Amino acid sequence: MKVTVFGIGYVGLVQAAVLAEVGHQVLCVDVNAERVENLKKGIIPIYEPGLTPLVEKHFASGYLNFTTDAQAGVLHGDVQFIAVGTPPDEDGSADLQYVLAVAKTIATYMQSPKVVIDKSTVPVGTADKVKAAIASVLAERGQQLDFDVVSNPEFLKEGAAVNDCMRPDRIIVGTYDERPKDLMRELYEPFNRNHDKMIFMDVRSAELTKYAANCMLATKISFMNEMANLAELLGADIEAVRKGIGSDPRIGYHFIYPGCGYGGSCFPKDVQALIRSSEQMGYSPKVLQAVEAVNNKQKYKLPELIKQHFDTELAGKTIALWGLSFKPNTDDMREASSRVLMEQLWAAGVKVQAYDPEAMEETQRIYGVRDDLTLVGTKEAALKGADALVICTEWQQFRAPDFDLIKSQLRQAVIFDGRNLYDPRRLAQRGFIYYAIGRGETVRKPS
Ligand code: NAD
Ligand code: UDX
């Protein structure tokens, strides 16, 4: 099948690569000319395991191509994916300008019927707007071409995106009527093995399904962070509680890891957008508001523990930081907890010596060169002469470090762990002061 994908970001590029992998002919269109040129040279704009070989292979085979020529894109595909960003605007609502711009572009150039698939995460009612935008441009052109608008939200996780798209748990398809269903089945047939993963519904329900899924996951995390904060006050260990409740299949082990707050390009933005959508309908969503408030506060947890530990002697200290990305296996820094941490430390006159396996270039791009930020090439180098170690991201290589080396390199044997990677008892035996999230006694400053 001939497929066009507008937007070559995390979602568009991964989706395009896996569609090419199964034999669809995919043309990607982006307004970012540098990104398009780089992709043609094999330079991939994001770090995503498994993506580079897939893109290289299918660019070479001709199944995957990149262009800035929107007209060529529209003429190429029978299906037209919209996979552009929907960032928050000033009040937190999803900004639909990029989605609607693509809709108008498709309507401007189409010469034959098209199925327009909305992959971007968009508020309920957006498909109606896309449909109206296309109809209005076609009317201006005096054209009477058939088109369908389909809502087909994406559920991939960064760091596991290729696998998530190759083996989706479910494929949600929202349609206005029966007409595009067969084509959607054909498009996704190669991913729809073993059992039927396609779930058809109306477009509004499909649009809400995406927000409901992300908000449910964010709710689990904020709930656990609240329990962790309570566990500290009550002298309980949240890690024991996590295992205790996760064993109930109705709760499950997924997404109940407490930490220094959720980040990324989706949860913070999507929780906020659903709150705004609800408020626009005159409904005040209490649970979602609490989920957001708990998370915003949780991101200040590590800086507060550090301030409390060093008290009046904080200014002038150097902190070693392990982990910058919002989670492991990505170089994405959007809404990362490390950013709140670094900005709080800098405001308090603290220097940061940071290491991340993938996100250092992105950190440099965001913050530029500054006296109070040193990016180093190894996790060990970050420790040298630092007053304490802080962990924001649970990269595998941080899980079993050489604690003797850490102790010898730090001025004080103190670790602030935002991801509960270590055993507090063992660290205490090794002579560390260990602050973790929700682990009872360990969070209190020893007298
Ligand atoms: P992104 O910012 O990484 O990429 C968006 C791309 O769209 C950019 O390359 C940009 O240049 C391009 N673009 C903007 N306007 C364009 C236009 N008119 N024509 C062609 N290209 C244009 O975004 P992303 O992270 O891939 O997210 C895309 C959408 O998917 C968002 O709605 C997001 O919420 C949703 N989503 C993201 C994830 C994720 O993990 N990143 C997961 C599921 C859903
Ligand atoms: C999320 C959804 O999981 C995915 O389905 C959707 O398509 C896009 O948004 P992503 O943002 O890539 O994916 O990352 P995810 O693995 O969900 O983690 C988001 C944040 O939650 C990270 O900061 C992570 O550290 C945090 N998290 C996750 C926790 O704090 N605890 C957990 O138990 C799980």
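If you go through region 15-30 one residue at a time, how many are of a type outside the set (D, E, K, R) and away from ligand 1 (no atom under 13 Å from the Cβ)?
8
Have a look at Glu358, Glu292 and point out the one that is closer than 28 Å to Asp402 by Cα and under 21 Å from the mean Cα position of the chain (by Cα).
Glu358
Any idea which of Ile238, Ile275 is surrounded by 15 or more Cβ atoms within 10 Å (Cβ to Cβ) and within 16 Å of ligand 1 (Cβ to nearest atom)?
None of the other options fit; the residue is Ile275.
Looking at region 11-44 only, could you name the residues that are closer than 21 Å to Glu158 by Cβ, crowded, with 16+ Cβ neighbours inside 10 Å and either modelled with pLDDT under 95 or among the β-branched types (Val, Ile, Thr) (or both)?
Correct list: Val11, Val14, Val18, Val26, Ile44.
Report yes if Val122 is open to solvent by less than 70 Å² (accessible area, probe 1.4 Å), in a loop (DSSP other than H, G, I, E, B) and at pLDDT 95 or above, otherwise no.
yes
Can you list residue pairs whose Cβ atoms sit under 9 Å apart, with the first residue in region 93-119 being of a type in the set (Asp, Glu) and the second being part of a helix (DSSP H, G or I) and near ligand 1 (Cβ under 9 Å from one of its atoms)? Count only pairs 6 or more apart in sequence or on different chains.
So the pair list comes out as Asp118/Val99.
Residues that are within 16 Å of ligand 2 (Cβ to nearest atom), over 20 Å from Val122 (Cβ atoms) and among the polar types (S, T, N, Q), at least 3 per element: which strands (runs of 3 or more DSSP E) completely within region 1-102 meet that?
Correct list: empty, since no element meets the threshold.
Might you let me know whether region 56-66 holds any residue that is farther than 29 Å from Ala273 by Cα, assigned by TED's automatic domain parsing to the domain that holds Ile117 and within 14 Å of ligand 1 (Cβ to nearest atom)?
Yes, that holds for at least one residue.
Can you tell me which of Gly282, Gly252, Gly259 is away from ligand 1 (no atom under 16 Å from the Cβ), farther than 18 Å from Thr121 by Cβ, within 21 Å of the chain's Cα centre (by Cα) and not hydroxyl-bearing (Ser, Thr, Tyr)?
After ruling out the rest, the residue left standing is Gly259.
With respect to Lys220, determine if the residue is assigned to a helix (DSSP H, G or I), without any contact (Cβ under 8 Å) to a residue 60 or more places away in the chain, crowded, with 16+ Cβ neighbours inside 10 Å and not assigned by TED's automatic domain parsing to the domain that holds Arg419.
Here the answer is yes, as Lys220 does meet what is asked.
The values are calculated or read from the model by the stated rules, or taken from the named source; none is laboratory data. What you are looking at is a predicted structure, and each value in this text was computed from that prediction instead of being measured. Neighbour counts run over all protein chains shown; Cβ positions are idealised from the backbone, glycine included. Ligands, DNA and RNA are stripped out before the accessible areas are found, and what is left, the full protein with its side chains, is counted by its heavy atoms. Shrake-Rupley method; radii C 1.70, N 1.55, O 1.52, S 1.80 Å.
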